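S.K.: Have a look at this one.
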Amino acid sequence: MASPWVLLLIFSLSLLCLRGWSQNTKPDQDLEYECVDIDKQPSLQHPQLKNHQIQMRPSDELLAMLSREALSQNLSNADEAVVEFDIPEEGCPQGQVPIHKSRRLNHSEKSFHPNGETLDQHSAMIKKIDDNPWRGTTAVVGINQPQVINNDQFSLALMMLTTKYDGESTTAWLGWAVFPEIYGDTRTRLTAYWTPDTDVNGCYNVRCKGFVQINKRIFLGAPFAKISVKGGQQYSAFFSITQDPKTNNFLVTVGNNYIGYWPEEILPLFNDGGAEMVRFGGVTNTRSDGLQSYEIISPQMGNGNKPLEDEVDLKHTSFMHSIKYVTQDYQIVDIDDNNFTEDADAGKCFDVSYLGKFGRFGKSFTFGGPGGLCDV
């Protein structure tokens, strides 16, 4: 086995070899982020992080695992292009990190439900059904741009880790979202959400103090440069949320890029072994205040197509493949078919199809649908 330092070199050099296309931001285009000193970023002002030591890189043990996984995905799926982000190549100056600037100033910095409104939510996911806790998960996620009708809707694709105890819930999820309410547009963007105990105390990205940004260029909220085409070119990214065996922080990586992490102090229920409940798939929401069921129109999920019964190449429907998890002794292994079940709550509009081991793609599933009048 190669030494961690060799893997680190591979991990770094591979940044120069990403297959994909990046549309650089024009010089006169307003930047969507501001650069701040890494040790003065807002999250480090969290009361529980007063004496926190910033983790600048994954531990050698975690780096070795992630390098193998990310590199293997880059090399094994030649018909998929690895996505890039539509942000300036240079990023922030040394010693600074980008923090996304909200375009919706009237949007609450907290809460899964943006303004406390009533939402009509639907999901099409696979979910873990055993109680064995995970220390993280990895997957290759197709990048799509579902259509939303208005700013009252949003559509997500995510991998979600949750542990509940005595009425409280610690959650961390990572994926992409089309979310006009917080982004001010309908582009597909890198998105995460976390909560230490209840939704009231959690938030998206860095809209409240918690997630520590490390990468000097790629940030939560960054737009993807290219979107998959139905039946044609597919763009995907390797996503991971993984607990570091040395620090117990939960690190976020996309492709070969270490983005940042949630410190162990703010994900309290994960400290005793990780996440007990895990889901992968799509979620849609639309505001339903004062509406009857026949008036509620849900947005698209994924690429707008429902799964095929005879999927052959993962080009028709939104997908996640190469799905793996981190064991209690920090090994990355394939998920077990017997520990997962499909869960779609509005079959008229959305569906999910677990494919198991799907050729070179490994453990895979497809999900999505056109939306519409899902509650009648």
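The values are calculated or read from the model by the stated rules, or taken from the named source; none is laboratory data. Note that this is a predicted model, so its numbers are computed, not measured. Because the Cβ atoms are built from the backbone with ideal geometry, glycine has one as well, and the counts that use them run over all protein chains shown. Keep in mind that these areas ignore ligands, DNA and RNA; they rest on the heavy atoms of the full protein, side chains included. Shrake-Rupley method; radii C 1.70, N 1.55, O 1.52, S 1.80 Å.
S.K.: In the stretch 244-257, what count of residues is obtained for those that are of a type outside the set (A, V, I, L, M, F, W, C), over 12 Å from T138 (Cβ atoms) and assigned to a strand (DSSP E or B)?
M.R.: 1
S.K.: For a quick check of your reading: which strands (runs of 3 or more DSSP E) sit entirely within the stretch 127-228 and have at least 1 residues that are basic (K, R) and under 23 Å from F367 (Cα atoms)?
M.R.: Ranges flagged: 189-195.
S.K.: Now for a separate question. Could you tell me how many of the residues in the stretch 309-347 are of a type in the set (A, V, I, L, M, F, W, C), surrounded by fewer than 12 Cβ atoms within 10 Å (Cβ to Cβ) and under 23 Å from E276 (Cα atoms)?
M.R.: Qualifying residue count for the region: 1.
S.K.: What is the number of the single condition among (1) surrounded by 11 or more Cβ atoms within 10 Å (Cβ to Cβ); (2) modelled with pLDDT of 95 or more that K40 does not meet?
M.R.: For K40, the exception is condition (1).
S.K.: Right, here's the next one. I'd like to verify a number: residues in the stretch 208-233 that are of a type in the set (S, T, N, Q) and touching a helix residue (DSSP H, G or I) at 6+ places or on another chain (Cβ under 7 Å), how many?
M.R.: 0
S.K.: Could you please let me know if V229 is open to solvent by 10 Å² or more (accessible area, probe 1.4 Å), modelled with pLDDT of 95 or more, of a type outside the set (S, T, N, Q) and more than 16 Å from the chain's Cα centre (by Cα)?
M.R.: Spelling it out, V229 is indeed open to solvent by 10 Å² or more (accessible area, probe 1.4 Å), modelled with pLDDT of 95 or more, of a type outside the set (S, T, N, Q) and more than 16 Å from the chain's Cα centre (by Cα).
S.K.: Counting just the residues of the stretch 275-307 that are hydroxyl-bearing (S, T, Y) and not in a loop (DSSP other than H, G, I, E, B), which one comes out nearest to T341 (Cα to Cα)?
M.R.: So, considering only residues that are hydroxyl-bearing (S, T, Y) and not in a loop (DSSP other than H, G, I, E, B), the one nearest to T341 (Cα to Cα) is T284.
S.K.: Give the residues of the stretch 229-243 that are under 23 Å from C208 (Cα atoms) and of a type outside the set (G, A, S), sorted by residue number.
M.R.: Scanning the stretch 229-243 gives F239, I241, T242, Q243.
S.K.: I've got another one for you. Name the residues in the stretch 308-361 that are small (G, A, S), touching a residue at least 12 places away in the same chain (Cβ under 8 Å) and assigned to a loop (DSSP other than H, G, I, E, B), would you?
M.R.: A346
S.K.: When you check Q45 against the structure, is it over 21 Å from the mean Cα position of the chain (by Cα) and at pLDDT 95 or above, yes or no?
M.R.: Criteria not met by Q45.
S.K.: Moving on. Could you list, ordered by first residue, the pairs with Cβ atoms under 7 Å in which the first is in the stretch 205-223 and on the phi > 0 side of the Ramachandran plot and the second is part of a loop (DSSP other than H, G, I, E, B) and polar (S, T, N, Q), at least 6 apart or interchain?
M.R.: Short answer, once both residue conditions are applied: G221/N205.
S.K.: Run down T191, T186, T170 and say which single residue is open to solvent by 30 Å² or more (accessible area, probe 1.4 Å), on the phi < 0 side of the Ramachandran plot and of a type in the set (S, T, N, Q).
M.R.: Result of the check over T191, T186, T170: T186.
S.K.: May I pose another question? Kindly evaluate P98 against the criterion of being open to solvent by 10 Å² or more (accessible area, probe 1.4 Å), at pLDDT 95 or above and on the phi < 0 side of the Ramachandran plot.
M.R.: Criteria not met by P98.
S.K.: For N151, only one of the following conditions fails: (1) surrounded by 23 or more Cβ atoms within 10 Å (Cβ to Cβ); (2) closer than 25 Å to I227 by Cα. What is its number?
M.R.: It fails just one condition, (1).
S.K.: Is it the case, given these coordinates, that N248 is open to solvent by less than 10 Å² (accessible area, probe 1.4 Å) and not hydrophobic (A, V, I, L, M, F, W, C)?
M.R.: No: the conditions fail for N248.
S.K.: Looking at G274, is it within 19 Å of the chain's Cα centre (by Cα), within 27 Å of D130 (Cα to Cα), modelled with pLDDT under 95 and surrounded by 19 or more Cβ atoms within 10 Å (Cβ to Cβ)?
M.R.: For G274, the condition - within 19 Å of the chain's Cα centre (by Cα), within 27 Å of D130 (Cα to Cα), modelled with pLDDT under 95 and surrounded by 19 or more Cβ atoms within 10 Å (Cβ to Cβ) - is met.
S.K.: State whether the residues of the stretch 196-207 include one that is open to solvent by less than 10 Å² (accessible area, probe 1.4 Å), touching a helix residue (DSSP H, G or I) at 6+ places or on another chain (Cβ under 8 Å) and within 11 Å of W262 (Cβ to Cβ).
M.R.: No.
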